[in-house]
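Undergrad: Quick one: the structure is below, and I'll ask about it shortly.
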Amino acid sequence: MADVQAQSVRSVGALESILTGAVAVALTLLTGAVLLLLGGFDPIAAGGAMIGGAFGGWNTFVSITLVRSIPLILTGLAVALAFRAGVWNIGAEGQLYAGAIAAVWVGIRGGALPAPLLVPAVLMSAGVAGALWALVPTLMHLRLGVGEVITTILMNFVGIYLAAYMVHGPLQEARGVFPQTGPIAEAARLPMLLPGSRLHWGFGVALLLAAALAVVVRRTRFGFELRAVGASPEAAAVSGRIDTSRVLLVSFLGSGAIAGLAGGVEISGLTHALYEDLSPGWGYTAIAVALLAGLNPAGVVVTGVLFGALQAGAGAMQRDAGIPAAWVGVVEALVILAVLAIDRIRRRAGALRAAGARGDE
Amino acid sequence: MNPTLVRLRGVERRFGSVVALAGAELELRAGEVHGVLGANGAGKSTLFNVLGGLLRPDGGTIEVDGRPVVLTSPRDAWAHGIGLVHQHFTLVPTLTVSENLALGLRGALEPGLSVQRAVRELIERTGLDVPLQPRVEELGVGDRQRIEILKALLRDPRILVLDEPTAVLTPDEIERLFDLLRELAGEGRAVTLVAHKLDDVLAVADRVTVLRAGRTVLTAASGEADQSELVRAMVGDGVVDTIALGLGPPPSGAPPSAPHAERWVVRLRGVDVEDERGWRLHKVDLDVAGGEVVGVAGVEGNGQRELARVLAGRLEATRGTVELPEQIGFIPQNRSTEGLIGEFDLVENVALALYRKPEFHSGPWLRWDGMKRVAEEIRSRYEVAAPSVATLGGALSGGNQQRVIVGRELEMSADLLVAENPTRGLDVSAAAFVHDELRRLASEGVAIVLLSTDLDEVLALSGRIFAIAAGTLRPVSSRARDRAGIGALMLRGERRTAVDSALERGVDDG
């Protein structure tokens with residue numbers, strides 16, 4: 001009973017985050033409409049195409065929107081975990097590619113294994129590869145004090161170009177014509193979650209992981225340490241006697257592993273092969289997904305689907321209303337800007353309220 | 001009578017539902033040092049911020065030179081000649097002292113006068129000696145306080161307001177500061193000192209104003225009001241803590257008894273702490289027994305921070321042997337940055353110290369219900385002014401934050417409690433509370449180490465006393481057991497840290 005009250009106070013925070021997000025999206029759509037008008041397009045038709053492309057019917061929603069949301073939810077969880085601990089991991093993109101490379105390699109080589117063994121092996125190798133990709137920035141941060149923002153961004157380039165090298169070189173498909181790998185074994189593929197749709201088990205993986213992270217953050221000692229270090233490393237160390245380096249290490253590598261898993265899930269569940277442009281920048285969009293969710297794992301599922309819908313709708317808009325693809329990027333950038341601005345405003349309001357309650361002193 | 005420079009009438013200020021000022025009055029006259037006294041939450045800082053243009057009042061008027069003014073920013077306040085010296089430092093740590101002093105000075109100096117020359121002249125005139133080349137982050141709190149004062153004086157304010165300026169200065173430095181304040185008042189300025197220590201204020205102020213609960217309850221020439229009258233005005237019917245008010249040890253407050261040699265709780269032998277900037281602690285030997293309060297006095301930046309952390313098990317010694325008990329309570333100096341997490345509620349802040357105890361988790365799972373009960377208990381037993389345990393740590397006043405921290409650390413049922421400046425910035429009743437708890441704990445057999453820059457506090461509470469200077473711990477003999485004696489030990493080598501860092505920087509200084 002006692003706990004219920006504490007929980008309800010916290011979930012008000014989550015509700016507030018979601019409301020903030022809704023306002024951000026509304027403002028963004030409004031701005032987008034104005035931009036469309038300026039470009040000589042009909043915003044109503046565009047909007048119709050967008051909504052139709054994202055939510056037009058059950059199958060559209062499940063097979064397009066939800067499928068697109070899977071890598072966004074997973075990378076969003078990766079970013080939320082790191083940011084919660086105060087680690088600015090901007091490297092989900094590179095970690096995702098590292099995971100995808102490992103997944104393809106295991107998925108092709110492990111063809112002799114049965115599916116119940118091979119699928120977990122593929123996903124685990126992707127997670128390990130993502131964690132290893134995060135290890136370099138982690139060690140540079142912990143041992144040398146090099147800011148992780150820069151190192152994770154730089155590691156993104158390495159990951160993206162390594163994938164490009166793989167699909168042109170060592171892992172290129174047998175005929176050596178297309179810049180892609182050969183297909184992974186049947187036994188390496190995630191089964192479908194809903195028969196008759198394209199929604200694969202990656203969505204289930206994402207939901208389970210979100211639930212697990214939500215529980216870890218709220219209920220476990222490590223989750224508490226993570227939030228303490230993220231909120232104030234100094235107080236965590238001095239008052240909590242928390243080993244902040246250990247918390248940073250675990251959350252950074254965990255974040256990398258989840259981002260790597262996103263790559264593995266994409267390979268195993270959807271594409272079944274590695275392409276040069278596997279990700280349209282999920283690792284970056286993930287930052288908006290996580291921030292919009294207030295770094296709440298459960299919220300990430302909502303915002304991940306929202307961004308999945310945005311991408312699905314943008315595709316339809318391009319196809320059905322003839323709006324250039326570049327507009328998608330503009331809308332996404334606008335959402336990120338709106339989120340950051342509104343997040344800031346909300347925090348300032350929160351700080352004012354705190355100062356007010358504090359009164360004198 | 002001297003002309004009135006500033007008059008505040010009926011000033012009101014609310015923060016949400018909290019009323020910080022409810023009709024405060026203040027009159028500052030040229031040529032006077034004016035003391036503003038008040039307990040925590042009385043509205044001193046709010047009034048100070050209103051005067052400095054940092055907060056706009058909800059009601060009331062501000063007059064400067066008899067004309068009503070509206071102060072919407074610090075710039076406005078400066079334009080009227082009001083200069084503030086903040087309690088919380090406003091210096092940029094990574095800039096040098098000169099650069100800090102030059103910040104924001106554009107147009108404020110007489111034409112043709114370079115910042116360097118202005119600073120040198122000011123230092124010469126005021127005797128506020130600070131090194132100009134080092135970066136501020138390399139300097140101790142005493143130097144920083146002097147820099148804050150210099151910064152305000154550089155603009156030649158007619159009205160100078162200082163918020164708790166004595167907290168980090170040695171007795172000798174306080175006296176020099178007071179001489180300076182009198183001199184500045186003698187030049188026709190209005191000097192205002194916001195403080196909670198009575199004898200500080202009475203030593204220098206010509207008149208005093210006492211605030212309580214946002215109202216001005218007394219204004220008198222300092223000769224007219226006697227101490228007990230002022231104390232009553234400050235605390236109303238509240239607790240009176242003679243130590244916090246600077247009235248010396250309580251009449252019956254004989255220092256706790258000699259240590260029980262059979263129960264040594266702490267043993268430090270030849271402890272060194274060294275970091276990239278050099279020695280922080282050097283060859284420290286210290287034994288502390290259960291039931292005694294060991295006081296460590298020192299000017300900030302002389303190693304007491306490191307000593308506190310070594311004793312609290314938060315910092316590893318570079319060399320030497322350290323024997324500590326299992327359970328250690330620690331009251332760190334910076335409540336809001338080290339003691340609490342502002343965005344955590346009270347339950348989580350209590351959990352910060354307790355979550356590792358076996359009764360509050362099973363395996364990896366935390367038992368929030370248990371920790372919530374403890375937080376509820378702390379809130380009621382230590383009279384934390386918070387609507388519920390879901391209140392965020394950052395929403396509490398300093399005194400209430402300290403109540404939470406003290407309550408939490410006592411809840412640790414530790415064998416050793418390390419308290420680092422536990423009453424800094426606290427009002428009378430909050431300080432009394434902390435002192436009472438420390439005494440109570442010692443009487444229950446807990447070993448207590450009190451590290452403080454407040455000599456009165458150390459003298460009143462401690463059995464054995466040590467002075468720390470330049471990382472070296474020296475016992476204070478019973479003969480030297482007074483302000484002057486300890487002050488002399490504290491000062492020995494005080495400058496050494498500054499000189500050392502200057503030497504280490506070497507060529508930069510050339």
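Undergrad: Can you compute 3J(HN,Hα) from phi for each residue in segment B:390-395, using the Karplus curve 6.51 cos²θ - 1.76 cosθ + 1.60 with θ = phi - 60°, rounded to whole Hz and x for Gly and Pro?
TA: For segment B:390-395, the Karplus curve yields 8, 5, 6, x, x, 8 Hz.
Undergrad: Counting only other chains, and only Cβ atoms inside 10 Å, what mean value do you get across the residues of B:363-372?
TA: Partner Cβ neighbours, averaged per residue: 4.
Undergrad: For segment B:323-375, run through the GluC sites (Glu not before Pro) and keep only the ones in DSSP coil with at most 15 other Cβ atoms within 10 Å of their Cβ.
TA: Passing sites in segment B:323-375 are B:Glu326.
Undergrad: If you don't mind, there's one more thing I want to ask. Can you pull the Rg over Rh of chain B, Cα-only, Kirkwood?
TA: 0.97
Undergrad: While we're looking at this one, here's another question. Roughly how many nanometres apart are two label points built 7 Å out from the Cα toward the Cβ at A:Leu337 and A:Ala33?
TA: Distance between label points: 1.9 nm.
Undergrad: Right, something else. Putting +1 on Lys and Arg Cβ atoms and -1 on Asp and Glu Cβ atoms, find which of A:Pro191, B:Leu315, B:Gly342 reaches farthest to the positive end of the dipole of the protein assembly as shown.
TA: About the Cα centre, the residue reaching furthest to the positive side is A:Pro191.
Undergrad: Still on this structure, I have one more. For B:Asp482 and A:Val149, what does the FRET efficiency come to when R0 = 51 Å and r is the distance between their Cβ atoms, rounded to the nearest 0.05?
TA: Efficiency, from the Cβ-Cβ distance: 0.40.
Undergrad: Each residue of segment B:447-456 in order: what ³J(HN,Hα) in whole Hz does its phi give by Karplus 6.51 cos²θ - 1.76 cosθ + 1.60, θ = phi - 60°, with x for Gly and Pro?
TA: 7, 10, 10, 10, 9, 8, 8, 8, 4, 4
Undergrad: Run a plain Debye calculation on segment A:143-199 (Cα atoms as equal point scatterers, no solvent) and give log10 I(q)/I(0) at q = 0.14, 0.24 Å⁻¹, rounded to two decimals, same order as the q list.
TA: So the normalised log intensities work out to -0.68, -0.91.
Undergrad: Modelling each spin label as a point 7 Å along the Cα-to-Cβ direction, I'd like the B:Glu187/A:Met192 distance in nm, to one decimal.
TA: About 8.7 nm separates the two model spin labels.
Undergrad: So who's got an amide H within less than 5 Å of the one on B:Leu162, skipping anything under 5 residues away but keeping other chains? H placed 1.01 Å off N, in plane.
TA: Hits under the 5 Å cutoff: B:Val85, B:Thr192, B:Leu193, B:Val194.
Undergrad: Taking the mean number of other Cβ atoms within 10 Å as a proxy for protection, how do you rank B:123-131, A:37-45 from highest to lowest?
TA: Output ranking for B:123-131, A:37-45: B:123-131, A:37-45.
Undergrad: Please go through segment B:360-451 and write out the GluC sites (Glu not before Pro) that DSSP classes as loop and that have at most 16 other C-beta atoms within 10 Å.
TA: The qualifying sites are B:Glu383, B:Glu444.
Undergrad: Next question, about the same structure. Convert each backbone phi in segment A:91-106 into a coupling constant with the Karplus relation 6.51 cos²θ - 1.76 cosθ + 1.60 (shift: θ = phi - 60°), then list the ³J(HN,Hα) values in order as whole Hz, x for Gly and Pro.
TA: So the J values, rounded to whole Hz, are x, 4, 4, x, 5, 4, 5, 4, x, 5, 4, 4, 5, 5, 4, 5.
Undergrad: So who's got an amide H within less than 5 Å of the one on B:Gly278, skipping anything under 5 residues away but keeping other chains? H placed 1.01 Å off N, in plane.
TA: none
Undergrad: If eta is 0.890 mPa s and T is 25 °C, what Stokes-Einstein diffusion coefficient results for the protein assembly as shown, Kirkwood Rh from Cα pairs, in µm²/s?
TA: In µm²/s, the coefficient rounds to 80.
Undergrad: Select from A:Pro233, A:Val301, A:Trp201 the residue farthest towards the positive end of the dipole of segment A:73-312; place +1 on Cβ of Lys and Arg, -1 on Cβ of Asp and Glu, and compute about the Cα centre.
TA: So the residue furthest toward the plus end is A:Pro233.
Undergrad: Along each of the three principal axes of the Cα atoms of segment B:341-395, give the extent in whole Å, ordering the values from largest to smallest.
TA: Principal extents (Cα only, largest first): 33, 23, 14 Å.
Undergrad: Count the DSSP beta bridges whose two residues both fall in the protein assembly as shown, then state the antiparallel fraction as a percent rounded to the nearest 5.
TA: Antiparallel bridges make up about 55 percent of those DSSP assigns within the protein assembly as shown.
Undergrad: Per the Cauchy relation, a quarter of the hull surface: what is the mean projected area of the convex hull of the alpha carbons in chain A, in nm²?
TA: 21.6
Undergrad: When you look at the Cβ of every residue in B:383-394, what mean number of other chain Cβ atoms sits within 10 Å?
TA: Other-chain Cβ atoms within 10 Å of each residue's Cβ, averaged: 3.
Undergrad: Another one. Whole number please: convex hull volume per residue of the Cα set in segment A:106-248, in Å³?
TA: 162
Undergrad: In addition: If each of B:Arg381 and B:Ser98 carries a label point 7 Å out from its Cα toward its Cβ, how far apart are those two points in nm?
TA: Here the modelled spin labels are 5.6 nm apart.
Undergrad: Let me ask another. Which value at 222 nm does chain B reach when only helices count, each DSSP H run of 4 or more adding -39,500 (n - 2.57), with the total divided by all residues and rounded to the nearest 500 deg cm²/dmol?
TA: Using -39500 (n - 2.57) per qualifying helix, the result is -9500 deg cm²/dmol.
Undergrad: For chain B, what proportion of DSSP beta bridges, expressed in % and rounded to the nearest 5, is antiparallel?
TA: Percent antiparallel among DSSP bridges in chain B is about 55.
Undergrad: Near B:Ser222, within a Cβ-to-Cβ distance under 9 Å, what is the net charge of the other residues, with Lys and Arg +1 and Asp and Glu -1?
TA: Here the count lands on -1.
Undergrad: Now for a separate question. Skipping prolines and chain starts, which residues have an amide H placed within reach, meaning under 5 Å, of the one on B:Asp287, given they are 5 or more residues away or on another chain?
TA: Amide H to amide H, under 5 Å and 5 or more residues apart or across chains, B:Asp287 pairs with B:Leu268.
Undergrad: Using a 1.4 angstrom probe on heavy atoms only, work out the carbon and sulfur share of the accessible area of chain A in %.
TA: Whole-percent figure for carbon plus sulfur exposure: 71.
Undergrad: By DSSP, what percent of the beta bridges with both residues in segment B:4-235 are antiparallel, rounded to the nearest 5?
TA: If we restrict to bridges inside segment B:4-235, about 55 percent are antiparallel.
The values are calculated or read from the model by the stated rules, or taken from the named source; none is laboratory data. The model shown is predicted, which means the values in this text are computed figures rather than measured ones. So basically every Cβ, Gly included, is an ideal-geometry build from the backbone, and we count neighbours across all protein chains shown. All accessible areas refer to the heavy atoms of the entire protein, side chains included, with ligands and DNA or RNA removed. Shrake-Rupley method; radii C 1.70, N 1.55, O 1.52, S 1.80 Å.
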